[in-house]
Structures are given as C-alpha cells and as structure tokens.
Amino acid sequence: MSYLEYAEAGFHVFGLHGADSQGHCLCGHEDCDNAYKHPMISNWQKTPRWSQEQLEVMDEAGQFDTGFGVVVRDNHLVVDVDPRNGGLESMERLPLDPCQFVVATGGGGYHYYYKIPDGVALVTKHAQFPGIDFKTSGYVVGYGSMHKSGIAYELERGDIANIGAAPVELLDLLRKPEQHRTELDGQAVDVSDKELHELLGYINPDCDYEQWVRVGMALHEITSGEGFDLWDAWSATGDKYNPAEMDHKWHSFGKSVITVGYGTLRFYAEANGYVEPVTFDAIEVEVDNRDDYIDLQRPPGLVGKLTDWINTQCRYPRERLATAAALTAIGNLAGLKYKDGEYGVTSNLFTFCVAGSATGKDDVMSAMFEAMIAAGMPESANGTIKSEQEIVRALIHSPEVCYIIDEIGILLSKITNATRRGTASYLEGVIGMLMQVYSKADRRMPLSFDVRLDAQKQVSGELASIQKKIDENEKYNEARFEELKQLLADLQYGLSKPFLSLIGFTTPVTFQKIVDYEQSVNGFIGRSLLIQEKETNPAMSKVFTGEPMPMGLHMALAGIHEGAQRGQEKKGVESTPEALKELEEIYEYFFRYSEQQKVTGLEAISRRAFELVLKVSLILSMGEGVRTVEHVRWAFAYVKADVVAKINLAAANVAESYKAAGEELGRRILNRLDEKEGVTTGVLINGLRKFKKEDVEGMLEHLERNGVVVGKEGASKGPKTKIWYLGNVSNVSF
C-alpha cells in the first residue's frame, strides 16, 4: 500500500472516510459533501508518526480502504493544482521543474512535492495563479486513494523517498517579505522582523541570565538562525551587554536540542505590558478540531527529545514506558531548582511501568539511568528500598533520592503482606514514609524521635570523618562539610525540602492485584502514574540503534540540573494566561469526574488527577521555561488516560473481591483495550480465560452498544478477527 511509502519517508498519514452507495460521506453528517477527503480523526494536524504495528492495525480496521491523507509539514511544500478555476493554465506559467515527485489527482489536477528551507514563510495563494494552492501546512490526499469521481490518485513521476528542493525561482515568487514561519500552540504563524522588534521592546535586556538566553533561543528558532542582529541590538540596550560573548552564544543555540519558540517570547512581552497580539495569517482548519488528537507517546519539548533517545536504546518498542521514564527523569533533574510558580507543586513523580515479561523493560530502565548519569545524578539513583530508615539515610546522603526499581510489584507485595500480617516490621512504614517525603518536596518534613536520632548519628559520624581529614591536613570535600553542618543543625526540626521520586517496572501478573481498594484510596496509587504496555509480543524495533546519547541532549539534561543544592529556594515556573485558563477548566473537569466516581468509592483517584496534570505540565515546560497550552493539554490527556486505567483496574479487583462477576469482566476488558492499538476478540477471550467465551462476547456487545468500546471488522471476516478499541469510557455501566 502506498501509505506505507509515505510513512517510511517520514510523512504523517491518517485514514479518510469513503462514501456510501449514494455518494454520501461515511462520516455520519448528512450535510457533508467531502467524501474521500474527510479525515477519520478530528484533529489531523496532530497526527503522529505511526509505528509499523499501528499502521497494520489501522489497515486491518479498514481505515485506509478508500484512501489516506498526508499532513504537509516539516519543511515541505505541495503545489496543489486544481483544474477548476484555471489551475492547469496557471501551472504552465509556474517554474515547477525540476520536480522529483508528482501525483496526478483523481480530479484531473496534480500535486507537486518539494522540500523548502527552515523558517521560510510562503503565501498559500497567489493572485496571478488562480486554481492553485501552495501548501506548507494542511493536508493532501496520497496517491493510491480514491476520488469521488471514481478515479484514483496515481503516481505521475518519481519516488516519494527522493523529494527534491523547490526551485529558487518558485520560492522567490511565493516568499512573504520579511516573514518567518513559526508555531504558536501547535498552529503555524508568520511574523516579521518588525513585529519581533516590537515584542523585544517590552522585555528588559537586563533580565536574569536564564531569561536572556531563552529570548535569544526563541529568536534563533523563529528566524532559523538569521535573527542575530535583532538579539544583539536588543541586548546592547542593557547594562549587562558583553559583545564578546554574543556570537559564540548565538551559534550554541543552533546546537541545542531545547526548542524555545515564539510562545515564550510573546509571554515575556505580555508579562511586561504587551497586550495586542502579533498580527499573523492563521492557517485554516478544514475540519472540526475541538477534540484535539494528542499522541501520548510523543510528548512536546525536551521530554520528547529524551523519549526519542530512550526509544533508540530499546530492542523492542516500549514507547509508553520510554515516555514515562523521560518524564520521571526530567522531573528528577528539575527537582531541587524548579516548582510550579502558580500552584507550588514540585516535579517529583511516582510512576509504575507495567509490561509483559521478557518484552524489554530492562532497556528502558537502563536508558533512564544513563540519562541520570548524563545530568550528574548517579548517586541519587537507588535500585530498591529496604526499610523506612533507609529512605531517610538516603535523603541525608543526597538531597534528592530517585528510586529506579525493577520488579517493584514483588517489593510492594512484600510491603503489603508485612503490613497485613505484622511480619517484617522494618517494611511496614515504607509506603507511609514514601508518601510523607513525596508531599514535602518544598516544605519541612518532621521525623519521629528514633529516626531523627539515627539521622543525627549518621551525620555526626560523617562530620567526624571529615574533621579528622581536616586535622590531619588531608584533602576533603568542603561543600559536603558545610552541607553536613547545616543539615545537623536542621535535623532537630526535620528534613528541609527532601526530594524523592520513584519509578518501578513490573509485570501485569505481579502488579495488578496490588491495585486494590485500600491502596487506591489511601493515596499511594492515586498519587502515582500507571503506565501499561498492552502489546505482550512486540516485534523488534526498527529505531533501535543503541548509540550513545547525542552531546546536545547530554548538555541540555545537565543544564537543567546544574547548580542544584540542598534546601535552596526553588524558582517558580510561570504559565501563559491561556495555560492558566486551561488549567482552571481541567480542575472543573476532574471535580465533576470525581462526583461521578462516588458510586465506585474510588473518587480519591480522580481527586489527585489535577495535581498530576500540574506536575506533568511543569516537567514538560522545563526546556522552554514557560508552561504553555500545549504542555497543559498534553498533560491532561496523559493523566486522563492514567486515571481511567487506575479506576478500571481498582474497580475490577474490588468487583472480584465482592464476586460481582459482570463488573469485574467489564473492567478487565477495558483494562486490556487502547484507543489506538486494537485487540481481537480471540486475544481477549484467551487473556480472560477465567470467564466463559460467551460471557466475554456478550460483554463486548453490551459495551459496544453503549459506545464504551468500538469494534471494527478486520481484514478477514470471523468472530475472532473483529478488532476492539477503547471508546467513550464516561458511559461505563455493567
């Protein structure tokens, strides 16, 4: 299928609705006359780069039966020639050759594909060339697709893997004068040097160093490296201006993996009184995009860059775990330096990563540890927890403690059993201590009498050891000596701002039984992110390289953690007004959701969801230094999926304990399904062997009638080849 050729060439593709026998679009809207061109997903602009496995499932579900759309982005131009309105005549007068990839459309026109340089802003229409659209955004229909005329789009010339550069004459003809193509909240916008200069006029060039650097990075990104004069002239108006460092610093921005863009620059200007938005040409949205499509395996910003690298270290695709590891790692790096400027939350996370045995968890765990080493935090990482006292000892040794635990399900089982049976008393207080430290990352944590005495003894012993070196004129760690003296003085009041995070890897069999009612409502599970890999037999990953971390990523991670110190005042990360408004609406959403969950008794899980949105969006903002709408929306989608998974798993275990077989079956079905990766009826029956085949099939039919799951026919007909996806889980009833 040609959609595979597009995908392999790096394009983002999505399915299109076909038509019924009367030619009406199959989208279901009576007044839609866009058959064969109407996207199946609501926000095609956010279409991710699908994996091979995802494409195969989509194909089996019939999403590419009549055709597919191709997102135009990533420095591509498609000249769309429509024979209506004089497009063919206009085409003859355009400098289109050489063109190495041309598609003949089903309507008698053509698509000419080109590559264009970074940051070039082009007009979408030209008065002298009617009937032609010049697309640097939007989408086109790929070859091999059907047109409503009954004629297929066909390859006219060339190979999509070898698209050539646009002719210089064509670019000169279409270029917008003094305009730079950039993005704001995921939408393409064009801004001029004059407009950028106006924004800079509202920002103090003697701002703190971090903001000054980000202004430069934003200008470099917006202008594709051509805006040095803007940055230099603005910096020169301040008292801190040092012309000797400007050129070197500017060139370093081009090597950075951190992307700071137009949104950050505009935020700084608005914070100082700028009120009128920059005028730009909005890109038209051709379909309703109120329900943003967000790829939960492609986080924005620096977290996305680290996720991509972790994926290259994994022999088998574990993209969900890679995303969770990247979020947790960058949260760790930022832990001592940053917090949420509006709500005060910190960046530490509890994360449980669940995947089948022998499916590649170790690769993710190893890659995360390498990221911690790259940032200068090897001593902060610990592989297990032995007791409540050990947690405190670890916090005394290091101001930030990050547990990376393999087979955490076994450890939690031991802790749970110790608590219930009164055995292994040294384990009983572990979960309570974890939750206590977790919530005190920007406060003071009191200690029990015996724990405080043990801590004071530990610190006094280390101080005595260093003092002995001083007395004998030996080398010693001066910074550690001063830290220990301050720590000993503080211990009588408890630990100041202890930072603790946890990420654990385990299998479904070991972990799922632990998520019971007690653990769910006492806050341990509710405070955590639960990330599950549904595929139990992943094929070898095509992106696996095992190559060392790129220097740019290494430096970006180290930069976030650089200068972190015990007990220091954390810098508040600010949010754009649009992001704050979005957060208010998200709080209301989860408040209403918690009201609905009172019938399950699990409302404590969703009540903690808003705090998780704050934490995840804070972590996503680390590269840019400002929390934006994009960060908030991605965090909301991520946490919303997490809340649904935890409630389904906990409710299934509760139903099992009360012998409510119907609800248990329904919840366990939902826990195995995903919105993107389908599961056949046969696989569900096999995985739920505790239940009768007819009961599983009956529950699937019930859930499908209520829209909770979506069933699609596979490539071959038969009861076991129907493919099931997660639908609207707000309609759950059993």
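Structure notes:
- Derived from the Cα gyration tensor, the three semi-axes of the equivalent ellipsoid of the chain are 46, 37, 21 Å, largest first.
- Debye, to nearest 20: dipole size of the stretch 185-270, +1 on Lys, Arg Cβ, -1 on Asp, Glu Cβ: 200 debye
- Sorted peptide list for 327-333, 501-507, 2-8, criterion being average Cβ within 10 angstrom, highest first: 327-333, 501-507, 2-8
- In the chain, Cα pairs under 8 Å separated by at least six residues give a relative contact order of 12 percent.
- Here LYS240 is the anchor, and the lysines within straight C-alpha reach of less than 16 Å, apart from those fewer than 8 places off in the same chain, are LYS249.
- Straight-distance candidates among the lysines for linking to LYS468, with alpha-carbon spacing under 23 Å and chain neighbours fewer than 8 residues away dropped: LYS457, LYS485.
- Calculated mean residue ellipticity at 222 nm for the chain: -13000 deg cm²/dmol, from DSSP H runs with n ≥ 4 weighted as -39500 (n - 2.57), summed, divided by the residue count and rounded to 500.
- Sites SER460 and SER366 - FRET efficiency at Förster radius 30 Å, r taken between beta-carbons, to 0.05: 0.20
- Length added when fully stretched, ILE470-ASP450, from 0.36 nm per residue minus Cα-Cα: 4.2 nm
- Ranked list, fewest to most other Cβ atoms within 10 Å of each Cβ, for THR47, THR346, THR237: THR237, THR47, THR346
- Volume of the convex hull of the stretch 2-172 (Cα atoms only), normalised per residue: 120 Å³.
- Here the stretch 30-115 is treated as a Stokes sphere of Kirkwood radius computed over C-alpha pairs; at 4 °C and 1.567 mPa s its diffusion coefficient rounds to 84 µm²/s.
- Distance in nm between pseudo-label sites at SER224 and GLU342 (7 Å out along the Cβ direction from Cα): 3.4 nm
- Packing-based ranking of 204-211, 151-158, 262-269 yields 262-269, 151-158, 204-211, ordered from highest to lowest mean Cβ neighbour count within 10 Å.
- Surrounding net charge for ALA326, when Lys and Arg each add one and Asp and Glu each subtract one, Cβ distance under 10 Å: 0
- Neighbours of ASN75, meaning other residues whose beta-carbon lies under 9 angstrom from its beta-carbon, give a summed charge of 0 when Lys and Arg score +1 and Asp and Glu score -1.
- Span from the the stretch 194-268 Cα centroid across to the the stretch 87-128 one, whole angstrom: 35 Å
- Each of the peptides 215-221, 26-32 was scored by the mean count of other Cβ atoms within 10 Å over its residues; in descending order, highest first, they stand as 215-221, 26-32.
- Net +/- balance of residues flanking GLY119 in space, Cβ distance below 9 Å, scoring K and R +1, D and E -1: -2
- Length released on extending from ASP490 to SER398, taking residue separation times 0.36 nm less the Cα-Cα span: 31.6 nm
- R0 of 25 Å, Cβ-Cβ distance VAL509-LYS692: FRET efficiency to nearest 0.05: 0.70
- Considering only ILE132, ALA166, LEU122, and ranking their Cα positions along the charge dipole of the stretch 116-166 that arises from unit charges at the beta-carbon of Lys, Arg, Asp and Glu, the one farthest toward the positive end is ILE132.
- Pairwise FRET efficiency - SER439 versus ARG592, Cβ, R0 = 25 Å, nearest 0.05: 0.50
- Charge dipole (the chain, unit charges on Cβ, about Cα centre) - positive-most of ALA394, LEU199, ALA218: ALA394
- Multiplying the residue separation of ALA244 and ARG175 by 0.36 nm and subtracting their alpha-carbon distance yields 21.4 nm.
- Relative to the Cα centre, the charge distribution of the chain, modelled as +1 at Lys and Arg Cβ and -1 at Asp and Glu Cβ, gives a dipole magnitude of about 2920 debye.
- Across LYS692/LYS722; LYS475/LYS570; LYS255/LYS305; LYS135/LYS176; LYS361/LYS534, pairs whose alpha-carbon gap is larger than 21 Å: LYS475/LYS570
- The Cα atoms of the stretch 440-511 cover 57, 26, 23 Å along the three principal axes, with the biggest extent listed first.
- Anisotropy class of the stretch 540-598 from Cα gyration tensor, a/c 1.5 cut: oblate
- Size of charge dipole - the stretch 2-172 - debye, nearest 20, with Cβ of Lys, Arg +1 and Asp, Glu -1, no other charges: 400 debye
- Of the residues GLY142, GLY552, ALA358, the one whose Cα sits farthest toward the positive end of the charge dipole of the chain, with +1 on the Cβ of Lys and Arg and -1 on the Cβ of Asp and Glu, is ALA358.
- Within the same chain, lysines fewer than 8 places from LYS598 are excluded, and of the rest, those with a Cα less than 26 Å from its Cα are LYS513, LYS615, LYS640, LYS646, LYS659.
Bear in mind that the values in this text are calculations on the coordinates, not laboratory data. The structure displayed is predicted, hence computed values, not measured ones. Neighbour counts are summed over all protein chains in view; Cβ atoms, including those assigned to glycine, are modelled from backbone coordinates with ideal geometry.
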